[in-house]
Amino acid sequence: MYKIGCIGTGAMGSALMAGVRKKLEENQIALYDKDSEKAVGLAEKLAGVVCNSEEEVVKNSEIVVFAVKPNVLSSVLEKTSGCLEGLKARHPVFVSIAAGISLSSIEEYLPEEAIIRVMPNMPALTGNGMIGLTGNSFVKKEVLEAVSSLLSGAGLTDIVPESMMDAVTAVSGSGPAFVFMFIQALADGAVKCGMPRQQAVKYAAQTVMGSAKTVLETGRHPEELKDSVCSPGGTTIDGVQKLEEYGFRNSVMKAVEAAFLKSKAMGKN
């Protein structure tokens, strides 16, 4: 019996399993992917085991992670539901990372099963993810906390009510793309001011990372930290004025709202 099995070994599934591996011994992670070479490659990196089918993962894992795209999830759930009867009393905990797909939608395929919905993000690739979790009524508190602990190897984890998951998707799921755009823009500005491109990207990325760590580690409000950088009559306040002039904050808020609304719409389809 494997501690955890992952169906789908794409970028996000691989990132999460790499984080989980930090918490487990060898041969405790089962992997399956339609592209068997991907599964084999990941198994070699993580000292995991390759399975030959989705059903094999489900039948032999305590926790089963569906690391597949939302448009693929239904077909995987159909296969999963068909092999549960033979398991008798021992059913795994099911974890889905499909954006926008609600617990109730998954319950249509897996009625009365323990289901956890997870929203990871791309920085999980480097162990710096922000991962939101929520469970249905069949998931015991200690089980949800145990899954959260396993996934914490890939980044910060946070248990939230499902009503918050679309917002989680918008800010941490989509947010990295917005941050990468900001890093690129910050670097472009530096290049315009005469800094070489490679050096500009390094300065921009480190500045964003350092600023983010300062928010998390000091607990101070971003507004307070921003004010502490803006010396009276200095360079920074002139830059802040330009950001306000061109609607920087409003644009970011609109971007998050657009991602939030799309996530909600995906759950209705």
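The values are calculated or read from the model by the stated rules, or taken from the named source; none is laboratory data. Predicted model only: the values in this text are computed from it and were never measured. In this analysis, Cβ positions are derived from the backbone assuming ideal geometry, glycine residues included, and neighbour counts consider all displayed protein chains. For accessibility, only protein heavy atoms count, side chains too; no ligands or nucleic acids. Shrake-Rupley method; radii C 1.70, N 1.55, O 1.52, S 1.80 Å.
Would you please classify the overall shape of the chain from the alpha carbon gyration tensor, given that a ≥ b ≥ c denote the square roots of the eigenvalues, rounded means a/c under 1.5, and beyond that prolate means a/b larger than b/c while oblate covers the rest?
Note, shape of the chain comes out prolate.
Please state the shape class of segment 33-75: rounded when a/c is under 1.5, otherwise prolate if a/b exceeds b/c and oblate if not, all from the C-alpha gyration tensor. List each step's numbers first, then the result.
Numbers: a/c = 1.91, a/b = 1.32, b/c = 1.45.
Cα axes put segment 33-75 in the oblate bin.
Of the heavy-atom accessible surface of the chain (probe 1.4 angstrom), what whole percent is carbon and sulfur? Let's see the in-between values first.
On the way: 8440 of 15050 Å².
Answer for the chain: carbon and sulfur cover 56 percent of the accessible area.
What length, rounded to one decimal in nm, is gained on full extension from ILE159 through to LYS202, with 0.36 nm per residue of separation minus their alpha-carbon distance?
Details: separation 43, 0.36 × 43 = 15.48 nm, distance 3.34 nm.
My answer for the length gained is 12.1 nm.
For the charge dipole of the chain, defined by +1 on Lys and Arg C-beta atoms and -1 on Asp and Glu C-beta atoms about the Cα centroid, which residue among PRO92, SER211, VAL20 has the Cα displaced farthest towards the positive pole?
SER211
With a 10 Å radius around each residue's Cβ, average the other Cβ atoms per peptide and rank 76-83, 164-171, highest first.
My ranking of the peptides, most packed first, is 164-171, 76-83.
Give the Rg/Rh ratio for segment 1-58, taking Rg as the radius of gyration of the Cα atoms and Rh as the Kirkwood radius, to two decimals.
Numbers: Rg = 9.7 Å, Rh = 10.8 Å.
On the Cα set of segment 1-58, Rg over Rh gives 0.90.
How high is the relative contact order of segment 147-224? Use alpha-carbon pairs under 8 Å, at least six apart in sequence, and give a whole percent. All intermediate terms of the calculation are to be shown ahead of the outcome.
Details: 25 pairs, mean separation 13.2, N = 78.
Contact order relative to length: 17 percent.
Each label point is 7 Å from the Cα along the Cα-to-Cβ direction; what then is the distance between the points at SER81 and SER53, in nm?
1.8 nm
Taking the solvent-accessible surface of protein heavy atoms with a 1.4 Å probe, what is the per residue accessible area of segment 1-72 in Å²? List each step's numbers first, then the result.
Numbers: 3380 Å² over 72 residues.
Heavy-atom SASA per residue in segment 1-72 reads 47 Å².
Ranked highest first by the average count of other Cβ atoms within 10 Å around their residues, in what order do 242-252, 7-17 fall?
Values: 242-252: 10.8, 7-17: 23.4.
Descending packing order for the listed peptides: 7-17, 242-252.
For segment 139-215 and segment 38-63, compute the distance between their C-alpha centroids and round to whole Å.
Using only Cα atoms, the two centres lie 29 Å from each other.
Just want to confirm a number: the relative contact order over the chain, from Cα pairs under 8 angstrom separated by 6+ residues, in percent. Intermediate results must be reported in sequence, preceding the final value.
Numbers: 407 pairs, mean separation 42.2, N = 269.
Relative contact order here is 16 percent.
Once label points are set 7 Å from the Cα along Cα→Cβ at both LYS141 and ALA212, what is their separation, rounded to one decimal in nm?
3.2 nm
State the extension gain, in nm to one decimal, for the chain segment bounded by PHE178 and GLU44, taking 0.36 nm per residue of separation less the distance between their alpha-carbons. Don't skip to the end; give the middle numbers.
Working: separation 134, 0.36 × 134 = 48.24 nm, distance 3.35 nm.
Roughly 44.9 nm would be gained on extension.
Any idea which of PRO222, VAL201, VAL256 is furthest toward the positive side of the dipole for segment 201-269, if Lys and Arg beta-carbons carry +1 and Asp and Glu beta-carbons -1?
VAL256
If r is the Cβ-Cβ distance from LYS3 to THR236 and R0 is 41 Å, what FRET efficiency results, to the nearest 0.05? Numbers along the way, then the final one.
On the way: r = 49 Å, r/R0 = 1.20.
My answer for the efficiency is 0.25.
Can you show me the helix-derived [θ] at 222 nm for the chain, built from DSSP H runs with n ≥ 4 at -39,500 (n - 2.57) apiece and divided by the number of residues, rounded to the nearest 500. Write out the running numbers ahead of the final one.
Details: 12 runs with 141 residues, N = 269.
Here the helix-only value at 222 nm equals -16000 deg cm²/dmol.
Using the Kirkwood radius over C-alpha pairs as Rh, can you work out the diffusion coefficient of segment 50-107 via Stokes-Einstein at 10 °C, viscosity 1.306 mPa s, in µm² per second? Mind showing how you got there, number by number?
Numbers: Rh = 11.8 Å.
Diffusion coefficient, whole number: 134 µm²/s.
Using the Cα gyration tensor of segment 180-255, with a ≥ b ≥ c the square roots of its eigenvalues, what is the shape: rounded (a/c below 1.5), prolate (a/b larger than b/c) or oblate (neither)? All intermediate terms of the calculation are to be shown ahead of the outcome.
Values: a/c = 1.39, a/b = 1.23, b/c = 1.13.
Judged from the Cα gyration tensor, segment 180-255 comes out rounded (a/c under 1.5).
Working from Cα positions, state the angle (0 to 90°, nearest 10) between the long axis of helix 197-218 and the longest principal axis of the chain.
70 degrees
Helix 36-46: angle to the longest alpha-carbon principal axis of the chain, degrees 0 to 90, nearest 10?
For helix 36-46, the angle is close to 70 degrees.
In a Gaussian network model over the chain where Cα atoms closer than 10 Å are linked, find which of GLU108, GLU142, GLU54 has the largest mean-square fluctuation.
Fluctuation is largest for GLU142.
Given a 10 angstrom Cα cut-off, can you work out which residue in ASP188, ASP158, ASP227 is the most mobile in a GNM of the chain?
Of ASP188, ASP158, ASP227, the most mobile in the Gaussian network model is ASP227.
Could you pull out the pairs from LYS79/LYS141; LYS3/LYS59; LYS202/LYS226 whose alpha carbons sit more than 23 Å apart here? Display every interim value, and only then the final one.
Values: LYS79/LYS141 28 Å; LYS3/LYS59 12 Å; LYS202/LYS226 21 Å.
Table pairs above 23 Å Cα-Cα are LYS79/LYS141.
Give, rounded to the nearest 20 debye, the magnitude of the charge dipole that the chain has about its Cα centre when Lys and Arg contribute +1 at Cβ and Asp and Glu contribute -1 at Cβ. Display every interim value, and only then the final one.
On the way: 27 positive and 30 negative charges, 104 e Å.
The dipole of the chain has a size of about 500 debye.
So for each of 58-70, 29-41 I average, over its residues, the number of other beta carbons within 10 Å; can you give me the resulting order with the highest mean first? Spell out each step's value before the answer.
Numbers: 58-70: 22.0, 29-41: 19.3.
Highest mean packing first, the order is 58-70, 29-41.
Report PHE138's accessible area, 1.4 Å probe, all protein chains in place, as a number in Å² to the nearest 10.
100 Å²
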